[in-house]
1. Pull out all pairs, ordered by first then second residue, where Cβ-Cβ is under 7 Å, the residues are six or more apart or on different chains, the first lies in segment 13-37 and is more than 19 Å from residue 70 (Cα to Cα), and the second is part of a loop (DSSP other than H, G, I, E, B) and aliphatic (A, V, I, L, M).
2. All but one of (1) surrounded by 14 or more Cβ atoms within 10 Å (Cβ to Cβ); (2) over 23 Å from residue 3 (Cβ atoms) hold for residue 18; which doesn't?
3. When you scan segment 11-43, how many residues do you find that are among the hydroxyl-bearing types (Ser, Thr, Tyr) and either part of a helix (DSSP H, G or I) or closer than 19 Å to residue 77 by Cα (or both)?
4. Being in contact with a Leu (Cβ under 9 Å, 6 or more places away or on another chain) and within 13 Å of residue 17 (Cα to Cα) is the filter here, so list the residues in segment 44-84 that pass it.
5. Can you tell me which residue is nearest to the chain's Cα centre (by Cα) among those in segment 34-66 that are surrounded by 11 or more Cβ atoms within 10 Å (Cβ to Cβ), under 17 Å from residue 14 (Cα atoms) and aliphatic (A, V, I, L, M)?
6. Which ones in segment 50-64 are at pLDDT 90 or above and either on the phi > 0 side of the Ramachandran plot or part of a helix (DSSP H, G or I) (or both)?
7. Return yes or no: is residue 81 at negative phi and loosely packed, with under 14 Cβ neighbours inside 10 Å?
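The values are calculated or read from the model by the stated rules, or taken from the named source; none is laboratory data. Model, not experiment: these values are computed from the prediction. No Cβ is skipped: glycine too gets one built from the backbone with ideal geometry, and neighbour counts run over all protein chains shown.
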Amino acid sequence: MPHFVCTLITIYIVILILRAVMSWFPTSPGSALEPVNRVLNAVTEPVVAPVRRVIPPLQAGGIAIDMSFILVIVVLEVLSNVLC
């Protein structure tokens, strides 16, 4: 059972990283990557949104750095280390 949970945590971390990378390249409606982007948002937003409400994006010059992804990934890594 712990191996299954560890695998799920690892997969979710990869999905979070994919969403973060995809956010650097905006997709236009109707593009081939739009459905992928929509699925990644649907899977990750329920976890990231509550964290983002507590820790708003960091303003760095003209850009905003979303620290919620980093925090969620760190928490999942710690959880994975504890369980696995």
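1. 27/33
2. Unmet condition: (2).
3. Here is the first cut: in segment 11-43, the ones among the hydroxyl-bearing types (Ser, Thr, Tyr) are 12, 23, 27-28, 31.
After this cut, where a residue has to be either part of a helix (DSSP H, G or I) or closer than 19 Å to residue 77 by Cα (or both) as well, the list is 12.
Residues flagged as among the hydroxyl-bearing types (Ser, Thr, Tyr) and either part of a helix (DSSP H, G or I) or closer than 19 Å to residue 77 by Cα (or both) within segment 11-43 amount to 1.
4. Answer for segment 44-84, where residues must be in contact with a Leu (Cβ under 9 Å, 6 or more places away or on another chain) and within 13 Å of residue 17 (Cα to Cα): 44, 48, 66, 67, 69, 72, 73, 76.
5. 48
6. Correct list: 50, 51, 52, 53, 54.
7. In short, yes.
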